[in-house]
Amino acid sequence: MSRPTSPPKTYRVKSFGCQMNVYDGERMAELLGEQGITPAPEGEEADLVVLNTCHIREKAAEKVYSDIGRLRREDGTSPLIAVAGCVAQAEGEEIMKRAPAVSMVVGPQAYHRLPGMIAEAVEGRRAVDTDMPAETKFDTLPARRKVGPSAFLTVQEGCDKFCTYCVVPYTRGAEVSRPFADLVEEAKRLVDAGARELTLLGQNVNAWRDADGRGLERLIEALAVIPGLARIRYTTSHPNDMTDGLIAAHRDIPQLMPFLHLPVQAGNDRVLKAMNRSHTAASYLHVLDQVRAARPDIALSGDFIVGFPGETEAEFADTLRLVEQVGYAQCFSFKYSARPGTPAATMEGQVPTAVMDERLQRLQAALQRSSLAFNQATVGQRCAVLVERTGRHPGQWLGKSPWLQSVHFTGEAAIGDLVEVELTEAGPNSLSARIIAA
Ligand code: 5AD
Ligand code: SF4
């Protein structure tokens, strides 16, 4: 296998999976930029390719190897390849064995060390770094320079919940919150760099807590007074960490958008217990009642897994019932995927794929109906849309409503504007709107 021996001039970072990976991918790009490596032009091969991978489901993990294969040129050579993200963390050395074209394997807590690894790689030394070092990557990464109107800010990483199906506690490690002052500082820089909306990210973002015991609502409060920052969101949350203070923030802080992503995974208590979710369907619904009392127009979102080991048809029907009860605005739903090393992978009663397929179809049909109903109920409403990009048609713009709906409209606007519109027509995945004259 011949791997490149000259320093890369151009890079491409490909991020898969969750928004935290998108954030990490942006930070890696900034880091490479600081080394004088520039983004490869669209359609051109990059000297260095970073595959920022996801390990949450089997399909996502397998994709890495086919992607590596696709980078191979006809003469058998490849660009310089780094595998980052959660597959890197979970498989480490294994990737080196399976994919000789790969020069670097770097975990989510070690990617600030990429520049050193690249220098080694061009000398012909392959390196695996899956440390979770005490010095944090956040202290060594370069400052944020240029971002779009809606930017991510990772405030918390890792998970201590150990749901029995999930690899996150193993790949991302224990729950760690970034310090308050660092976050306010990074938020200000993001706003200076063009952000008007910040989405606070964490695998368990609502478990964020600083050394003084302040909870996420205190951080949101502090960010809300940054001049120029119009909108704040946060994701992903665990039902058990929805504190009274955070719920009250949805009532008291106007910059906090009326949207909550609160995964439930299943609607049946036996399944929830086997998943080690530590909440019941009723306690989850109770949290939603409290959130709705604080912010009646809140749009709700969730994650679902169908076909968890042992799930019966009657138990699955409880999930469908919960969906009807909640009236979600938008959701993600997945077939259960056995992840090596997790307790659920060896549980009895693994559900056949055909049964999972059929359940997923029924669940997704119910979720589509729910999204459509939610969107239709907002038709006629006036709201601000944060413009994120141009649409497919001339003069068309795309952006997000306060309820995180995708909205398109035509007229006078620019990226980064908050445009007042009236929502005029709704589908399950997007809405059209017309500008209200200022
Ligand atoms: N199989 C299927 N879905 C999973 N998720 C996490 N682990 C698995 C798994 N092993 C889903 C959960 C979680 C979302 C990010 O991914 O719904 O909330
Ligand atoms: Fe995974 Fe559960 Fe932690 Fe979410 S709360 S990251 S599903 S272990």
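The values are calculated or read from the model by the stated rules, or taken from the named source; none is laboratory data. Computed from a predicted model, the values in this text were never measured in an experiment. Positions of Cβ are backbone-derived with ideal geometry, glycine not excepted, and every protein chain shown enters the neighbour counts. Please note that ligands, DNA and RNA were not included when accessible areas were found on the heavy atoms of the full protein model with its side chains. Shrake-Rupley method; radii C 1.70, N 1.55, O 1.52, S 1.80 Å.
For the stretch 46-129, run through the GluC sites (Glu not before Pro) and keep only the ones in DSSP coil with at most 15 other Cβ atoms within 10 Å of their Cβ.
The qualifying sites are Glu74, Glu123.
Determine the dipole magnitude for the stretch 1-134: charges of +1 sit on the beta-carbon of Lys and Arg, -1 on that of Asp and Glu, nothing else is charged, the reference point is the Cα centre, and the result goes in debye to the nearest 20.
Once rounded to the nearest 20, the dipole reads 240 debye.
Would you work out if the chain is rounded, prolate or oblate? Take a ≥ b ≥ c from the square roots of the eigenvalues of the alpha-carbon gyration tensor; rounded if a/c is under 1.5, else prolate when a/b is larger than b/c, oblate otherwise.
Cα axes put the chain in the oblate bin.
Tell me the carbon and sulfur percent of the accessible area for the stretch 10-129, rounded to whole percent, probe radius 1.4 Å.
48
Can you pull out the GluC sites (Glu not before Pro) in the stretch 329-438 whose DSSP state is coil and whose Cβ has at most 13 other Cβ atoms within 10 Å?
Answer by residue number: Glu348, Glu412.
Quick one: among Val87, Val205, Val379, which has the greatest mean-square fluctuation in a GNM of the chain with alpha-carbon springs under 10 angstrom?
Comparing Val87, Val205, Val379 in the GNM, the peak value goes to Val379.
Which Cys residues of the chain have no other Cys beta carbon under 4.7 Å away?
Cys18, Cys54, Cys86, Cys159, Cys331, Cys383
Keeping to pairs on different chains or 8 or more places apart, tell me how many lysine pairs in the chain have Cα atoms under 17 Å apart.
7
Counting other Cβ atoms within 10 Å, keep those with at most 15, restrict to DSSP loop, and tell me which trypsin sites (Lys or Arg not before Pro) in the stretch 363-416 are left.
Those satisfying the criteria are Arg392.
As I understand it, the dipole of the stretch 10-129 uses +1 on the Cβ of Lys and Arg and -1 on the Cβ of Asp and Glu, about the Cα centre. Which of His55, Gln109, Gly76 lies farthest toward its positive end?
His55
Within a Cβ distance under 12 Å of Ala366, other residues only, what is the Lys/Arg minus Asp/Glu net charge?
Its environment carries a net charge of +3.
Under a GNM of the chain (C-alpha, springs under 10 Å), which listed residue has the highest mean-square fluctuation: Thr140, Thr130, Thr390?
Sorting by GNM fluctuation, first place goes to Thr140.
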